[in-house]
Amino acid sequence: LREAFKRSCPYVITPHGMLARWSLAQKPLRKRFAMAVSWRKLIRRASFVHALTEGEARDFRTLDISCPTEVVPNGFFLEELGELPAAGSFYTDHPELRGHPFILFLGRLHYVKRVDWLVRAFAKLATNDTNLRLVLAGPDCGTRLEIERDAKRLRVDGQIHLVGPLYGQQKYAAMVDARCFCQPSVYETFSMSILEAMACGLPPVITRGCNFDEVGTSGAGVVVDTEDELAGA
């Protein structure tokens, strides 16, 4: 940015959610100080702020900074998928799931993802359907032990499978074989995994915090507001 100022070059800021209300509420004193000392000035001089969703743009406007906002969502080329894995490929790689329909979560095991909501919602279903499974795919970012404790306390640990991170064709194989994709995050700027799931034909069940209301308005999936609504969805 110093070079941009020196050369009087226009620049654009793409905050990827860092100026959203939820993000600014994390360690708020530090962020309020940074906003007062430097961020506000840098943002005011930008040509515009690039928001990924209308929700992110609304959050930015509440900061009352005189800078235009442009909403340009992430894109996804169907060509990136290539030829999808054959149905049953994920079951072949995970024979312990064979014969069991499963719900898929794919993302970091982090508190912002609210996997604890998903585990509790799943437990409500699993008590009436012992054939059902929940697959949690993603790296541990501090909540795996809590997830395992909750699953054991709710007596569904035998129906929940933590398979670690999935990439490339492994990820798409899981999406092809799953019954639905669930993302219960308290906040997302723009979830590429929701977009990828829909590209694979997998219906998503997501929370309002995912900032992807188009899932519901298009009829592609269901958007819920609370943990209590998750099991029903």
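Given the criteria modelled with pLDDT under 95, within 21 Å of Ser185 (Cα to Cα) and of a type outside the set (Phe, Trp, Tyr), does Cys141 qualify?
yes
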| message | If Gln170 meets every condition in (1) open to solvent by less than 20 Å² (accessible area, probe 1.4 Å); (2) more than 21 Å from Arg120 (Cβ to Cβ) apart from one, which number is that one? | response | (1)
| query | Only one residue in Arg133, Arg98 is of a type in the set (Lys, Arg), open to solvent by less than 60 Å² (accessible area, probe 1.4 Å), without any contact (Cβ under 8 Å) to a residue 40 or more places away in the chain and more than 24 Å from Thr53 (Cβ to Cβ), so which one is that? | reply | Arg133
| If you go through the range 27-56 one residue at a time, how many are open to solvent by less than 70 Å² (accessible area, probe 1.4 Å) and within 18 Å of the chain's Cα centre (by Cα)? | 5
| query | Hey, Leu24 hits all of (1) surrounded by 14 or more Cβ atoms within 10 Å (Cβ to Cβ); (2) in contact (Cβ under 8 Å) with a residue 12 or more places away in the chain; (3) of a type outside the set (Val, Ile, Thr) but one; which does it fall short on? | reply | (2)
| the range 142-167, residues that are open to solvent by less than 60 Å² (accessible area, probe 1.4 Å) and either touching a Leu at 6+ places or on another chain (Cβ under 7 Å) or closer than 20 Å to Thr92 by Cβ (or both) | Thr143, Ile147, Gln159, Ile160, His161, Leu162, Val163, Gly164, Pro165, Leu166
| How many residues are charged (D, E, K, R) and open to solvent by less than 20 Å² (accessible area, probe 1.4 Å) when one looks only at the range 173-187? | 1
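Which of the helices (runs of 4 or more DSSP H) contained wholly in the range 1-113 include at least 2 residues that are at pLDDT 90 or above?
89-93
The values are calculated or read from the model by the stated rules, or taken from the named source; none is laboratory data. Since the structure is predicted, the reported quantities are computational estimates derived from the model, not experimental observations. Please note: Cβ atoms are built from the backbone with ideal geometry, for glycine as well, and neighbour counts cover all protein chains shown. Surface areas here come from the heavy atoms of the whole protein model, side chains and all, with no ligands, DNA or RNA. Shrake-Rupley method; radii C 1.70, N 1.55, O 1.52, S 1.80 Å.
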